[in-house]
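A short worksheet on the structure shown next.
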Amino acid sequence: MTLTTDRNQVELATPDYQLEPGCSHPFGAVPDKEGVNFSIFSEHGTSVELLLFDRDDSPQPAKIIQLNPKINKTFHFWHVYVRGLKAGAHYAYRVHGNSDLHQEGHRFNENKVLLDPYARGNTNTLWQRNDALGSKDNMATSMRSVVIDISDYDWEGDRPLNHSMNDTIIYEVHVGGFTRSSSSGCKHPGTFSGLIEKIPYLQELGITAVELLPIFDFDEKNILREVNGKQLKDYWGYNPHSYFAPEASYCAFPDIGNHIREFRDMVKALHKAGIEVILDVVFNHTDEGNHEGPTINFKGLFNSIFYHLVHWDKQYYMDYSGCGNTVNCNHPIVEKLIVDCLEFWVKEMHVDGFRFDEASILSRSQDGVPMLHPPVIWHIETSETLADTKIIAEAWDAGGLYQIGEFPGYRWAEWNGRFRDDIRRFVKGDPGIVGAVAWRLAGSADLYQSSRHLPINSINFISCHDGFTLNDLVSYNHKHNEANGEHNRDGINDNLSWNCGVEGETDNPEIDGLRRRQIKNFAAILMLSQGVPMLVAGDEVRRTQKGNNNAYCQDNEISWLDWNLAEKNADIFRFFKLMINFRKCYCHSALRRSYFFTGEVNERGLADIAWHGCKLFKPGWHDSHARVLAFTLGGFNGEADIHVMLNMYWEDLDFEIPPIKGRKWCRVIDTALASPMDIAEPGEETVVSDNVYSVKERSVVVLVSKWFPVNEFPIRSEFNE
């Protein structure tokens, strides 16, 4: 066989492979014992070439297969079966078509090598992004897809865990940044394998699910700009180009097509530890960007179908995502791709749930108008394959849609931005918002109950990947994003933060002590609230980004977790760990209600919830100066009652404690106390004998009711500390 840079002179047949018509379904490259079936969709493409490469770093294909539209096309599906080809082969496509950019929005370019949208893995060994721009040929510098046999894997009986939503505690984590620092000590830092090595840490912390920032393949080589000698790249990964392929840089051995196996190994290991896997998925836009962006796959296959285009000039893209383009989610072919993708990750990869970035875009019609019953959302909602899968929406987009409490569907949970904002304001000391805080603590019934949703529809969080870390929330009044190279214009300006008196790092022990207390206050309130709590990796050890609230481009120490912090801030880790354990305790189901409060009273005369201020049953709903709130959760069926006192005022205040029949109140948590007195180990609680408790300034106190036989009390008490 003769190879040349002119693809038309490459021999189209070799004795190695036998070509057969193939099947239109399933999409992608599907191997069996005899060969591989290839199928892609391109409605307006007039000619398709399948390129086969010997290796991931081969600059030219070993074979080019020209698909015959009379033999290898069924309606708009192009397909071929290559007998003799095996898993591990690298491949890509070229698609020809009539270009009518302004009227029809077609972007066919026979010079561009295209990835398979259904590929299970890709390699970017030779990839040069600039060569995917414009009209020049990029054969020698293109990405390649990999034929992967997904049937060859021993799951050892593994299945999605299906933890109940009300028992779920989510830990948002970036696969790369979690272990990429040399301080992690991992054999394969920054990979799925590295995450496996840290499972004992996750088990000790007590979370029940990891929510992985995007792991769908994206261009991690994309250099955005250079600042002070550092090349800034797409770090977060919210620019996918392939929805069925694990990100190559998170794999230890992507060059041999190990993408699927390494991801599965991670899922199986996490499931053995009782930890679910939730994927942060981005179906609202892709890495191909606007009209000046690269051609990677969708643009060259079916641009006019896959994206929302400007009606009066279809060379331009509607940008409801704020990222250059917007996926046309409710076109039938795109809807199929999205649902196929989700079902693939559940059936074949055993994923437990998904968080949908800018999910409101999924509710837009093909004309961009919000729909009452969006097909793709309801298809996800009603899919039998996804029936037990957790589905979580970021219920807004950059085009102005804001659907908190109103997102279509029944079981979709939502990132509750109202919880984040109200709790941040309260803890930093804003007055007169205790009514709003009460709604958040009680599961945000004001947002969800009228639409017949439940507390589990609310994902509660104080911080996430986007914004200040929890440590920075109590250390900075202003963002400090200069390292991003955008003159500090990027990232939000109003962070609802308070630096406790000094901007940034300090060696002042009083300020540092206050910051530690504020972090514990946030952690306590999060775990005491109805709904589903979510924390971001590193908050439990005071990870800092030095005031950067938009570290999307910082694949370096700014974003990576410094594992030395686990020892340095062991007291904070201990508090998080015990706070999570307190929420999960079998006798504290009052913190994990499946339904909103009804006013039901238990045998001790306590309602399921009662609100107070410093005085019992006087919460100060209309007090514009109020910075305190207390509440009592009545336990049922023999469980503990819980009494919580929140003092966000700058002076100590006395709080009345409700009387309780047949039990004693015991202190579990007082964030004003030094570790280890700030939170008690199970069985080490302190009896509170008075009917008033002095709550220190800016602190949280939690009591639980316990039954003791007459004259038998724990050794620890207020009187012998």
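The values are calculated or read from the model by the stated rules, or taken from the named source; none is laboratory data. Just so it is clear, the model here is predicted, and its values are computed rather than measured. When we count neighbours, we look across all protein chains shown, and the Cβ atoms used for this are built from the backbone with ideal geometry, even at glycine. Note: accessible area is taken over every heavy atom of the protein model, side chains too, but ligands, DNA and RNA are not part of it. Shrake-Rupley method; radii C 1.70, N 1.55, O 1.52, S 1.80 Å.
Here segment 150-166 is the region considered, the condition is being within 14 Å of K390 (Cβ to Cβ) and in contact with a helix residue (DSSP H, G or I) (Cβ under 8 Å, 6 or more places away or on another chain), and the residue that is most open to solvent (accessible area, probe 1.4 Å) is L161. For segment 25-42: of the residues being within 22 Å of F302 (Cβ to Cβ) and outside any loop (DSSP other than H, G, I, E, B), which is nearest to the chain's Cα centre (by Cα)? Looking at residues that are within 22 Å of F302 (Cβ to Cβ) and outside any loop (DSSP other than H, G, I, E, B), I get G28. For segment 31-78, a residue qualifies if it is modelled with pLDDT under 95, open to solvent by 60 Å² or more (accessible area, probe 1.4 Å) and either of a type in the set (K, R) or in contact with a helix residue (DSSP H, G or I) (Cβ under 6 Å, 6 or more places away or on another chain) (or both), and exactly one does: R55. All of (1) within 21 Å of W611 (Cβ to Cβ); (2) at pLDDT 95 or above hold for K661 with one exception: (2). Scanning segment 601-651 for residues that are among the polar types (S, T, N, Q) and closer than 21 Å to F522 by Cβ yields one hit, N647. Residue check: K136 meets all listed conditions (1) modelled with pLDDT of 95 or more; (2) part of a loop (DSSP other than H, G, I, E, B); (3) surrounded by fewer than 23 Cβ atoms within 10 Å (Cβ to Cβ) but one, namely (1).
Count of segment 565-612 residues, restricted to those that are of a type in the set (K, R) and either part of a loop (DSSP other than H, G, I, E, B) or open to solvent by less than 30 Å² (accessible area, probe 1.4 Å) (or both), is 4. Applying the criterion of being open to solvent by 10 Å² or more (accessible area, probe 1.4 Å) and in a helix (DSSP H, G or I) to the residues of segment 445-456, the residue that is farthest from Q554 (Cα to Cα) is S450.
Residues in segment 625-646 that are in a strand (DSSP E or B), farther than 15 Å from S699 by Cα and of a type in the set (A, V, I, L, M): L633, I642.
Here D641 clears all of (1) buried (at least 19 other Cβ atoms within 10 Å of the Cβ); (2) more than 18 Å from L441 (Cβ to Cβ) except the condition numbered (2). Just checking, does segment 247-258 include any residue being touching an Asp or Glu at 6+ places or on another chain (Cβ under 7 Å), of a type in the set (A, V, I, L, M) and within 21 Å of E197 (Cβ to Cβ)? Checking segment 247-258: at least one residue is touching an Asp or Glu at 6+ places or on another chain (Cβ under 7 Å), of a type in the set (A, V, I, L, M) and within 21 Å of E197 (Cβ to Cβ).
Scanning segment 90-105 for residues that are open to solvent by less than 60 Å² (accessible area, probe 1.4 Å) and modelled with pLDDT of 95 or more yields H90, Y91, A92, Y93, R94, V95, H96, G97, G105.
Checked against (1) touching a strand residue (DSSP E or B) at 6+ places or on another chain (Cβ under 6 Å); (2) over 21 Å from H163 (Cβ atoms), N416 meets all criteria but (2). Just one of the listed residues (E348, E406, E381) is without any contact (Cβ under 8 Å) to a residue 40 or more places away in the chain and within 23 Å of S164 (Cα to Cα), and it is E381. When we screen E651, E697, E656 for residues that are loosely packed, with under 13 Cβ neighbours inside 10 Å and modelled with pLDDT of 95 or more, the only hit is E651.
When I558 is tested against (1) hydrophobic (A, V, I, L, M, F, W, C); (2) open to solvent by less than 30 Å² (accessible area, probe 1.4 Å); (3) within 22 Å of the chain's Cα centre (by Cα), exactly one condition is not met: (2).
Every condition in (1) open to solvent by less than 30 Å² (accessible area, probe 1.4 Å); (2) in a helix (DSSP H, G or I); (3) more than 25 Å from F283 (Cβ to Cβ) is met by Y81 except one, and the failing one is (2).
Of the listed requirements (1) in contact with a Leu (Cβ under 8 Å, 6 or more places away or on another chain); (2) open to solvent by 50 Å² or more (accessible area, probe 1.4 Å), K615 misses just one: (1).
The set of residues from segment 429-444 being part of a helix (DSSP H, G or I) and in contact with a helix residue (DSSP H, G or I) (Cβ under 8 Å, 6 or more places away or on another chain) comprises V434, A436, V437, W439, R440, L441. Criterion applied to N548, N521, N481 was being closer than 24 Å to G177 by Cα, over 22 Å from the mean Cα position of the chain (by Cα), in contact (Cβ under 8 Å) with a residue 60 or more places away in the chain and open to solvent by less than 10 Å² (accessible area, probe 1.4 Å), and the one residue passing it is N481. Being touching a strand residue (DSSP E or B) at 6+ places or on another chain (Cβ under 8 Å) and among the charged types (D, E, K, R) is a property that E343 lacks.
Within segment 290-327, the residues that satisfy the criterion of being within 24 Å of the chain's Cα centre (by Cα) and open to solvent by 10 Å² or more (accessible area, probe 1.4 Å) are D319, Y320, G322, C323, G324.
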